[in-house]
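Trainee: Below you'll find the structure I mean.
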Amino acid sequence: MNLFRTQYDWIRLTRETLFQYCETLTPADYVKKLDGFSGESIMSLHAHVAGCYQVWLGVRALGKTMPDITAESIHNVQEMRDIFRKTDELVYEFIERFDDNWDQTVEVTFRNGSQADFTALWLFTHTMTHEFHHKGQIVKIGRQLGYAPPDTDLVEPMVKKPTNH
């Protein structure tokens, strides 16, 4: 078993619950910008999360050239699902590349010219915790728009129940 692939698979299952929730929203509510969230919408937060995976894992760690993900280029939940299918491929590529070498550092140069070194494990952990941070915001926006969210905590693996003999 690849521990990090399994961990990311749990993230994907939880994300699926969130996508199913988003599919219950009206299209207008999915893109509605709320002042209390700095003018962000559920869709723009979703795009931001996918962009984080892309920049940290794809561009910085794997050295890929990738187009920016912008909220303006996405119009509905199905298009966002397509973005995350590509994100999943990227994450699995990252896991394969750094498998058994999670302490390897990646030098990152920021826009202001400063540099820092991050381990592959830090990059992987950062992107997943970042997604869960914004997942909470997405659920809160949905609540403010009048939608009752499902439990979007990390999906638990199937628990086997004891059999009575």
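No lab work stands behind these numbers, since they all come straight from the coordinates. All values derive from a computational prediction rather than experimental measurement. Positions of Cβ are backbone-derived with ideal geometry, glycine not excepted, and every protein chain shown enters the neighbour counts.
Trainee: Can you tell me the length gained on complete extension of the stretch THR26 to MET66, counting 0.36 nm per residue apart and subtracting the Cα distance?
Mentor: That pair, THR26 and MET66, stretches by 11.3 nm at full extension.
Trainee: Could you work out how far apart the two model spin labels at GLU79 and HIS130 are, taking each label as a point 7 Å from the Cα in the direction of the beta carbon, and quote it in nm?
Mentor: Each label point is offset 7 Å from its Cα along the Cβ direction, giving 2.2 nm.
Trainee: Please get the size of the charge dipole for the range 41-144, origin at its Cα centre, with Cβ charges of +1 on Lys and Arg and -1 on Asp and Glu, quoted in debye to the nearest 20.
Mentor: Working: 10 positive and 14 negative charges, 104 e Å.
Taking the Cα centre of the range 41-144 as origin, the dipole is about 500 debye.
Trainee: What are the principal axis extents of the Cα atoms in the chain, in Å, biggest first?
Mentor: 60, 44, 24
Trainee: Quote to one decimal, in nm, the extra length available between ARG12 and THR105 on full extension: 0.36 nm per residue of separation minus the C-alpha distance between them. Please list the in-between numbers first.
Mentor: Working: separation 93, 0.36 × 93 = 33.48 nm, distance 2.56 nm.
So the extension gain works out to 30.9 nm.
Trainee: Now, a different point. Order 119-131, 49-61 from most to least packed using the mean count of other Cβ atoms within 10 Å.
Mentor: Averaged packing, sorted descending, gives the order 49-61, 119-131.
Trainee: For the range 76-92, take each phi angle, set θ = phi - 60°, evaluate the Karplus expression 6.51 cos²θ - 1.76 cosθ + 1.60, and give the result in whole Hz per residue in order, putting x for glycine and proline.
Mentor: Those phi angles translate into 7, 5, 4, 5, 5, 4, 4, 4, 6, 5, 5, 4, 4, 4, 5, 5, 5 Hz.
Trainee: Can you find, among ALA28, GLN115, PHE132, the residue sitting farthest towards the positive end of the charge dipole of the chain, where Lys and Arg contribute +1 and Asp and Glu -1 at Cβ?
Mentor: Checking the options against the dipole of the chain, the answer is ALA28.
Trainee: Here's another thing I want to ask about it. Going 7 Å from the Cα of THR119 toward and past its Cβ, which residues in the range 2-22 have a backbone nitrogen under 15 Å from where you end up?
Mentor: 4
Trainee: I need to check one value: relative contact order of the range 1-81, counting alpha carbon pairs closer than 8 Å and at least 6 residues apart, in percent.
Mentor: 28 percent
Trainee: For THR119, enumerate residues with amide H under 5 Å from its amide H, sequence gap 5+ or separate chain, H modeled in the peptide plane.
Mentor: Under 5 Å from the amide H of THR119 lie the amide H atoms of VAL106, each far enough along the sequence or on another chain.
Trainee: If you average the sequence gap of Cα pairs under 8 Å that are 6 or more apart and divide by the length of the range 41-144, what percent do you get for the contact order?
Mentor: Values: 91 pairs, mean separation 34.4, N = 104.
About 33 percent, as a whole number.
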